[in-house]
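One structure is given below, encoded as structure tokens.
The values are calculated or read from the model by the stated rules, or taken from the named source; none is laboratory data. On a predicted model such as this, the values are computed, not experimentally measured, just so you know. Glycine also receives a Cβ, built like all others from the backbone with ideal geometry; neighbour counts cover every protein chain displayed. Accessible surface areas use protein heavy atoms only, side chains included; no ligands, DNA or RNA. Shrake-Rupley method; radii C 1.70, N 1.55, O 1.52, S 1.80 Å.
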Amino acid sequence: MINSVLIKNANIVNEGKIINGDVYIENGIFKEIAPQISAKSPDVQVFDAEGKYLLPGVIDDQVHFREPGLTHKATIETESRAAVAGGITSFIEMPNTVPQTTTIEKLEEKFDIASKTSYANYSFMFGGTNDNLEEILKVDPKTVAGLKLFLGSSTGNMLVDNPEVLEKIFSSTDLVISVHCEDEQTIRENTAKFKGEYGDDIPIKFHPIIRSEEACYLSSSNAVALAKKTGARLHVFHLSTAKELELFTNKIPLAEKKITAEVCIHHLWFSDENYAEKGTFIKWNPAVKTANDREALFDALLDDRLDVIATDHAPHTLEEKENVYTKAPSGGPLVQHALPAMLEFFHQEKISLEKIVEKMCHNPAILFQVSKRGFIKEGYCADAVLVDLNAPWTVNKDNIAYKCGWSPFEGTTFKSRITHTFVNGSLVYKNFKFYDIKNAHRLTFER
């Protein structure tokens with residue numbers, strides 16, 4: 001394997017600036033960043049970026065790769081492969097697999113799978129339940145991303161609905177507590193009402209009314225109040241409503257925030273107007289809501305009330321998604337198309353390249369205290385993505401890398417293309433071609 005790489009003539013997007021220059025990588029580390037660098041020896045692999053944009057590798061803090069137990073939908077291998085095609089070089093995966101990741105033993109089994117099969121750097125969330133506090137307290141914060149709590153009904157028996165247990169967890173751990181916030185009782189009542197009227201075949205347009213703004217706000221406001229009461233470090237996943245934004249601030253630097261939040265690609269791209277065309281293929285929890293919610297989320301992203309952009313990549317088979325409303329699972333595949341979608345917003349002059357890098361690369365690293373990733377800096381791990389902003393391509397079955405074989409973006413033409421993805425200095429993807437190089441590392445955390 002070539003240990004030295006030189007990327008020349010790149011527009012390097014990093015820490016709020018774009019500079020033209022060269023980047024030298026040695027043994028998987030950024031060794032030198034300068035206006036001009038000469039190859040140190042004939043063995044150096046040289047890439048002429050020809051003015052393309054070099055971004056730090058994206059860190060996706062919320063994915064569901066379905067292994068173990070649900071591998072008919074996806075595996076760590078297939079979805080990490082799709083991730084590097086989308087410029088995502090590190091991921092944090094969720095605990096609602098089968099069996100669930102609620103013991104140290106099951107957690108380490110997933111790390112073992114990833115160490116053998118993943119194309120991208122990896123970590124996993126540990127899952128909290130109503131009765132596993134003892135296991136939570138065994139988690140090593142330097143080698144595990146954090147704790148995930150489901151405060152809504154997405155995940156069956158992983159629902160944490162005992163207030164006393166919840167407060168004890170918040171009071172007992174220094175881990176980042178990431179939460180899915182939807183109020184279970186509200187959703188149950190709404191579902192019963194519509195099921196009484198329509199049976200199982202509830203029109204999909206009612207999804208954001210069943211999983212309503214009220215359900216989201218009630219749960220997220222309670223979580224924020226509990227974090228303030230206990231001093232816990234809280235991160236609220238996938239905000240979907242304008243109303244919830246009042247719970248978060250932009251008055252403090254991210255590294256000092258105790259309560260943070262993120263938005264996902266689908267809540268920035270789609271609205272309830274798309275249900276008529278896309279149906280259950282855009283059925284997510286929390287639901288895609290109104291165009292007004294979408295615009296408010298975008299505004300909050302730009303003014304730093306929202307800290308991170310993630311995917312909540314959660315694939316299901318076509319057959320599963322084509323079921324009637326109550327039987328069609330929520331979630332969809334997104335890792336391959338998240339960065340191209342955000343670059344489309346750049347072309348629409350809605351967001352800068354520097355801001356995209358801040359929210360998708362820098363901030364996940366800061367928020368989770370990921371060691372030496374998320375930036376193009378000397379001494380950091382060499383995860384990087386070359387992007388051609390003027391190379392249009394259309395999403396279709398032939399270029400979709402997900403195991404499930406479909407995408408909510410099918411038929412969409414993106415103006416920007418990811419041309420090269422480097423993981424720890426190794427080229428793993430180039431222009432729709434994958435290299436069978438698994439040079440991924442387990443993420444570590446500076447805590």
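Structure summary
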item: Enumeration of residues in the range 97-132 that are in contact (Cβ under 8 Å) with a residue 60 or more places away in the chain and hydroxyl-bearing (Ser, Thr, Tyr); result: SER115, THR117, SER118, TYR119, TYR122, SER123
item: Residues of the range 12-37 satisfying the condition of being of a type outside the set (D, E, K, R), open to solvent by 30 Å² or more (accessible area, probe 1.4 Å) and either in a strand (DSSP E or B) or modelled with pLDDT under 95 (or both); result: ILE18, ILE19, ASN20, ILE29, ILE33
item: Residue pairs meeting the criteria (Cβ under 8 Å; at least 6 apart or on separate chains; first open to solvent by less than 50 Å² (accessible area, probe 1.4 Å), in the range 154-172; second at pLDDT below 80 and assigned to a helix (DSSP H, G or I)); result: LEU159/SER153
item: Within the range 154-179, tally of residues that are touching a Gly at 6+ places or on another chain (Cβ under 8 Å), under 17 Å from ALA215 (Cβ atoms) and at pLDDT 95 or above; result: 0
item: Pair list, Cβ under 7 Å, 6 or more apart: the range 307-333 residue over 27 Å from VAL84 (Cβ atoms), other residue assigned to a loop (DSSP other than H, G, I, E, B) and open to solvent by less than 10 Å² (accessible area, probe 1.4 Å); result: TYR325/ILE202; THR326/ILE202
item: Where a residue in the range 276-292 is free of Cβ contacts under 8 Å to residues at least 60 places away in the same chain and its partner, wherever it lies, is outside any loop (DSSP other than H, G, I, E, B), with Cβ under 7 Å and at least six apart; result: TRP284/HIS266; ALA291/GLU273
item: Pick from the range 218-241, criterion among the hydrophobic types (A, V, I, L, M, F, W, C) and open to solvent by 30 Å² or more (accessible area, probe 1.4 Å), ranking: nearest to SER178 (Cα to Cα); result: ALA225
item: Residue match in the range 295-305 (condition: surrounded by 23 or more Cβ atoms within 10 Å (Cβ to Cβ), in a helix (DSSP H, G or I), out of contact with any Asp or Glu (no Cβ under 7 Å at 6 or more places or on another chain) and not aliphatic (A, V, I, L, M)); result: no
item: Tally, over the range 229-240, of residues that are more than 23 Å from GLN348 (Cβ to Cβ) and either within 20 Å of the chain's Cα centre (by Cα) or not in a loop (DSSP other than H, G, I, E, B) (or both); result: 7
item: Number of positions in the range 271-294 that are open to solvent by 40 Å² or more (accessible area, probe 1.4 Å) and among the aromatic types (Phe, Trp, Tyr); result: 1
item: Test for LEU239: is it in contact (Cβ under 8 Å) with a residue 24 or more places away in the chain and over 21 Å from HIS266 (Cα atoms); result: no
item: Residue among LYS251, LYS205 that alone is assigned to a helix (DSSP H, G or I) and surrounded by fewer than 17 Cβ atoms within 10 Å (Cβ to Cβ); result: LYS205
item: Tally, over the range 353-399, of residues that are open to solvent by 20 Å² or more (accessible area, probe 1.4 Å), free of Cβ contacts under 8 Å to residues at least 40 places away in the same chain and either over 19 Å from the mean Cα position of the chain (by Cα) or over 21 Å from PHE91 (Cβ atoms) (or both); result: 8
item: Count of the range 306-327 residues which are farther than 13 Å from GLU262 by Cβ and not in a loop (DSSP other than H, G, I, E, B); result: 5
item: Positions within the range 400-421 being in contact with a helix residue (DSSP H, G or I) (Cβ under 9 Å, 6 or more places away or on another chain), within 20 Å of VAL357 (Cα to Cα) and open to solvent by less than 40 Å² (accessible area, probe 1.4 Å), in sequence order; result: PHE414, SER416, ILE418, THR421
item: Given (1) touching a residue at least 12 places away in the same chain (Cβ under 8 Å); (2) under 19 Å from ASN3 (Cα atoms), index of the condition LYS430 fails; result: (1)
item: Verdict on ALA74 being surrounded by 24 or more Cβ atoms within 10 Å (Cβ to Cβ), in contact with a His (Cβ under 9 Å, 6 or more places away or on another chain), assigned to a loop (DSSP other than H, G, I, E, B) and small (Gly, Ala, Ser); result: yes
item: Residue satisfying all of: in the range 258-270; outside any strand (DSSP E or B) and free of Cβ contacts under 8 Å to residues at least 60 places away in the same chain; most open to solvent (accessible area, probe 1.4 Å) among these; result: LYS258
item: Any hit, the range 313-323, residues being under 28 Å from LEU234 (Cα atoms) and open to solvent by 10 Å² or more (accessible area, probe 1.4 Å); result: no
item: Meets criteria (touching a strand residue (DSSP E or B) at 6+ places or on another chain (Cβ under 8 Å) and of a type in the set (Lys, Arg)) for LYS17; result: no
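Here's the yes/no breakdown for (1) among the charged types (D, E, K, R); (2) closer than 29 Å to THR260 by Cα; (3) at pLDDT 95 or above; (4) more than 25 Å from the chain's Cα centre (by Cα):
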| residue | (1), (2), (3), (4) |
| --- | --- |
| ALA192 | no, no, yes, yes |
| PRO203 | no, no, yes, yes |
| GLU213 | yes, yes, yes, no |
| SER219 | no, yes, yes, no |
| VAL224 | no, yes, yes, no |
| ALA227 | no, yes, yes, no |
